[in-house]
Amino acid sequence: MPSDHQASEPVEDDECAGVPSAGAELVSAEAVGRWFGVPHATVSQWRRRYDDDSENPCPQPDVLIGRWAGWRRDRKAAWLAWDERRKAKQKAKPEEYQADTVTYLGPDKVGEWLGISRVAVTHLRAAYADTATPCPEPDVVITGGKPIPGWLPEREAEWREWNAGRPGRGAPGRKRGPRAAK
């Protein structure tokens, strides 16, 4: 089993600035790793090794989007306190690590709703971003690496309605190409 990494100099989190979500910016394991000067894989290993059954569990994520976890940036202090307890082999109190984790659905699930791939959802979001009919905005975005958008499950109907009404090939009002004029 890999050893716990200890950072000699934690990296400042200026470089993980991202999109605030519902008043709190959410950061990924990659950003948490930067706080300690370790790779995101180490944070993932910590989460498995120091799960809720251990004496000193890692701070629980505030948001789950598929396999991605996100924490509010203001919980950096909880992570630093956890690391001190981990190094000192102290037991944690539940209020020091527990969070009311909210599960959101990512592009893969939105793709299932629409019968397309998660990559196609990403392309639709980019293609319709600056149009009169943009895709439904995500409820949260986990930053700190590649942004991970997430939607609440009850927004399925909104996505389906948007997809049914979006302009596409042969839609009324769309300019026809040169072949259609023949």
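The values are calculated or read from the model by the stated rules, or taken from the named source; none is laboratory data. Since this is a predicted model, take the numbers as computed values, not measurements. Here the Cβ positions follow ideal geometry from the backbone for every residue, glycine too, while neighbour counts run over all protein chains shown.
What's the total number of residues in the range 134-144 that are in a loop (DSSP other than H, G, I, E, B) and surrounded by 20 or more Cβ atoms within 10 Å (Cβ to Cβ)?
The total comes to 3.
Within the bounds of the range 96-103, is there any residue that is among the aromatic types (F, W, Y), surrounded by 14 or more Cβ atoms within 10 Å (Cβ to Cβ), modelled with pLDDT under 90 and within 13 Å of the chain's Cα centre (by Cα)?
Within the range 96-103, not a single residue is among the aromatic types (F, W, Y), surrounded by 14 or more Cβ atoms within 10 Å (Cβ to Cβ), modelled with pLDDT under 90 and within 13 Å of the chain's Cα centre (by Cα).
Looking at the range 38-46, is at least one residue over 29 Å from K109 (Cα atoms) and not in a helix (DSSP H, G or I)?
Checked the range 38-46: at least one residue is over 29 Å from K109 (Cα atoms) and not in a helix (DSSP H, G or I).
Could you identify the single residue in A127, A77, A81 that is modelled with pLDDT of 85 or more and touching an Asp or Glu at 6+ places or on another chain (Cβ under 7 Å)?
Among A127, A77, A81, only A81 is modelled with pLDDT of 85 or more and touching an Asp or Glu at 6+ places or on another chain (Cβ under 7 Å).
Looking at this structure, is L152 in contact with a Leu (Cβ under 9 Å, 6 or more places away or on another chain) and either not basic (K, R) or not assigned by TED's automatic domain parsing to the domain that holds E55 (or both)?
yes
Kindly check whether there is at least one residue in the range 125-133 that is loosely packed, with under 14 Cβ neighbours inside 10 Å, of a type outside the set (K, R) and under 30 Å from V43 (Cβ atoms).
Taking every residue of the range 125-133 in turn, at least one turns out to be loosely packed, with under 14 Cβ neighbours inside 10 Å, of a type outside the set (K, R) and under 30 Å from V43 (Cβ atoms).
Counting only residues that are touching a Phe, Trp or Tyr at 6+ places or on another chain (Cβ under 9 Å), surrounded by 18 or more Cβ atoms within 10 Å (Cβ to Cβ) and of a type in the set (K, R), how many does the range 67-95 have?
Matching residues across the range 67-95 total 1.
Working only within the range 1-50, note down all residues that are at pLDDT below 90, of a type in the set (G, A, S) and surrounded by 14 or more Cβ atoms within 10 Å (Cβ to Cβ).
A7, G18, S21, A24
Kindly provide the set of residues from the range 33-65 that are acidic (D, E) and in contact with a strand residue (DSSP E or B) (Cβ under 7 Å, 6 or more places away or on another chain), ordered by number.
D62
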